[in-house]
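A short worksheet on the structure shown next.
Since every read-out is calculated from the coordinates, none of them should be taken as a lab result. The structure displayed is predicted, hence computed values, not measured ones. We place every Cβ from the backbone using ideal geometry, glycine too, and count neighbours over all the protein chains shown.
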Amino acid sequence: MPRENHCGECCCVKGNIEERACRLALYIIENKATVRGAAKKFGVSKSTVHKDLSERLPAFNRTLYLQVKGVLEENKAERHIRGGIATRRKYKGV
C-alpha cells in the first residue's frame, strides 16, 4: 500500500521517473499550473520538473509532451504580466 507524504502525493513518485513525469505533465495540463507550482505540489525542485518534462517525457510519451509544452509556452508568454501584478501587490501592501 503506497504511503502519502505531507502534500498528499504518493511517496513512491520520486522513485519512478516516468510515472513522475506523466503525473507532473497531467497536473500542469489539468490545472494550467506553472513549473514552480507543480514543483511545490510534488515536493521536487523546479529543475527536476523541467528535466522531467523537457528531456524525459518526450522519450516515452510524445503526445503528452506536446500538450504540456503548449501550457508551458502559454505560461512563459504571460509571466511578465504575473510579475507586474506581483510587484503591484507588493508595493500596495496587499
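Per-structure values
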read-out	value
Selected residue (criterion: farthest from N16 (Cα to Cα)) from residues of the stretch 33-66 that are assigned to a helix (DSSP H, G or I) and of a type in the set (G, A, S)	G37
Any hit, the stretch 75-93, residues being of a type in the set (D, E), surrounded by 14 or more Cβ atoms within 10 Å (Cβ to Cβ) and in a helix (DSSP H, G or I)	no
